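Below: one structure, written as structure tokens.
The values are calculated or read from the model by the stated rules, or taken from the named source; none is laboratory data. If you're wondering where the values come from, they're calculated on a predicted model, not measured in any experiment. Cβ sites come from the backbone with ideal geometry, for glycine too, and all protein chains shown count toward neighbours.
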Amino acid sequence: MVILGIADGHQASAAVVKDDRLVSVVAEERVTDAPEPFPWTAATRALELAEVAPSDVRTVAVCGRYTPPLQVRRHPELWKLARDPFSPALVAGTALQRLLRDTGIGAASADRATDWAREVLAEKGYRPGRVQLVDVHKCAANAAYRSQKVDRVRVLVAQPRGDGALASVHDAVAGQLDRVFVDRGSQNAHAAVDRGLAVLGLSGLDELRALARGHVPDDGLVTELGAVLSFGVAFRSRRRPERRALPPWSVLAEVDRPVAAASLLERLRRCLLCFVEQHLPAKGRPIVLAGAWLDDPALAVRAADELGAAVQLASWVGTRALAVGAAAASAGLPPRTVSPDLGSAAPEWTDGERVTLAAEAAVLAGGG
């Protein structure tokens, strides 16, 4: 059976599971803003590498039950507005996703999104017997677990705007992955890091870490950032920062840029260390860090040193992890069958756009 996993959006990925083995993963990156609902280039290339045709696909697993919301999926041009960290649309979208998660409306919305996805896929020649929308945190956790060498782990995920959840905890044993905790977080927390990056003129956490490297954070600024960057009761500082006339983002812009970056990164890491500490498993079970916020080697080292935890980082990151996780969750793959070794970068041109393909066909022998 052939399963196509998709992490949709403007920058997205696709993965193919064939006969219970992950055989290809492709990540695409466009340099123009032409909207697309699904990563068609990545999907086509992933199927080519797997040596199957669109008509061979029996299941399409899409990452995100209501992230992004159906209206954004129907109208990809709204991606620009939804990506603006200070846009009211982002706040409204986050609130909507939390509402859908907390109520029965979410199931109805996911059903409508599934019907829409089936129609869009049919236009491209896909006729799957099943179209499945997979929870974002479930995708991240599955990609992390299925690539582990042991089958008994605890997976911690921190993925803002992930189907209305900010953080989650999953216990995995004998191929079964069960969610045991979810933190929905405040609306501010979901957008906090993106807003800080925008103020500093940075495009991602990798740039933030590079700018902060070698600089000492400002303790006062770290505390003040707690007003907007915190989630869960355990993460809120008991110290009440002195109130200022300016919001924290304006204060961030006032400080020397590398110090501001170090302060924002330190605040994020303190929140995440508290999250890890609160959910340390029983002795002997390792933890795996997954999701956009936890993909941080320095954080893993601090967790091991300060908490004495046996910590591993997820092998798959970014949208590739979400595509792999969607396919793996739908296929129910056991551990050790999702190799982290798939992938090499090669440029291609499609419809006038340069697309970066990170993929390599592989047939995994035995347990991978």
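Numbers below:
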| item | result |
| --- | --- |
| Qualifying residue in the stretch 118-130 (condition: modelled with pLDDT of 80 or more, part of a helix (DSSP H, G or I), within 29 Å of residue 178 (Cα to Cα) and not β-branched (Val, Ile, Thr)) | yes |
| Leading residue by the ranking (surrounded by the fewest Cβ atoms within 10 Å (Cβ to Cβ)) among those in the stretch 146-161 that are assigned to a loop (DSSP other than H, G, I, E, B) and among the charged types (D, E, K, R) | 149 |
| Any hit, the stretch 209-228, residues being crowded, with 19+ Cβ neighbours inside 10 Å and within 18 Å of the chain's Cα centre (by Cα) | no |
| Qualifying residue in the stretch 87-108 (condition: free of Cβ contacts under 8 Å to residues at least 24 places away in the same chain, surrounded by 14 or more Cβ atoms within 10 Å (Cβ to Cβ) and not in a helix (DSSP H, G or I)) | yes |
| Sole exception among (1) among the hydrophobic types (A, V, I, L, M, F, W, C); (2) within 11 Å of residue 143 (Cβ to Cβ); (3) outside any strand (DSSP E or B); (4) modelled with pLDDT of 80 or more for residue 303, by number | (2) |
| Test: residue 112 is farther than 30 Å from residue 174 by Cβ, in contact with a strand residue (DSSP E or B) (Cβ under 6 Å, 6 or more places away or on another chain) and not aliphatic (A, V, I, L, M) | no |
| Single residue of 167, 192, 198, 172 found to be crowded, with 23+ Cβ neighbours inside 10 Å and over 23 Å from residue 99 (Cα atoms) | 172 |
| Any hit, the stretch 347-362, residues being at pLDDT 85 or above and closer than 24 Å to residue 3 by Cβ | no |
| Residue check for residue 55: surrounded by fewer than 21 Cβ atoms within 10 Å (Cβ to Cβ), at pLDDT 90 or above and either of a type in the set (S, T, N, Q) or not assigned by TED's automatic domain parsing to the domain that holds residue 332 (or both) | yes |
| Residues within the stretch 123-143 that are touching a Pro at 6+ places or on another chain (Cβ under 9 Å) and either surrounded by fewer than 19 Cβ atoms within 10 Å (Cβ to Cβ) or closer than 16 Å to residue 36 by Cα (or both), tallied | 3 |
| Residue tally, condition touching a Pro at 6+ places or on another chain (Cβ under 8 Å) and either closer than 18 Å to residue 157 by Cα or free of Cβ contacts under 8 Å to residues at least 24 places away in the same chain (or both), over the stretch 193-213 | 2 |
| Residue match in the stretch 171-193 (condition: at pLDDT 90 or above, assigned by TED's automatic domain parsing to the domain that holds residue 84 and of a type in the set (Val, Ile, Thr)) | no |
| Candidates 318, 325, filtered to the one that is modelled with pLDDT under 90, of a type outside the set (Lys, Arg) and over 17 Å from residue 268 (Cβ atoms) | 318 |
| Near pairs, Cβ below 6 angstrom, 6+ apart or cross-chain, from the stretch 114-136 (within 29 Å of residue 159 (Cα to Cα)) to any residue that is in a helix (DSSP H, G or I) and polar (S, T, N, Q) | 131/114; 132/330; 133/114 |
| One residue from 33, 19 being more than 16 Å from residue 125 (Cβ to Cβ), modelled with pLDDT of 85 or more and of a type outside the set (A, V, I, L, M) | 19 |
| Residue among 314, 290, 262 that is farther than 18 Å from residue 185 by Cβ and within 20 Å of the chain's Cα centre (by Cα) | 314 |
| Residue count for the stretch 281-335, restricted to those that are surrounded by fewer than 22 Cβ atoms within 10 Å (Cβ to Cβ) and in contact with a Cys (Cβ under 6 Å, 6 or more places away or on another chain) | 0 |
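Yes or no, residue by residue, for (1) more than 19 Å from residue 322 (Cα to Cα); (2) touching a Lys or Arg at 6+ places or on another chain (Cβ under 7 Å); (3) at pLDDT below 80:
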| residue | (1), (2), (3) |
| --- | --- |
| 47 | no, no, no |
| 72 | no, no, yes |
| 77 | yes, no, yes |
| 95 | yes, no, yes |
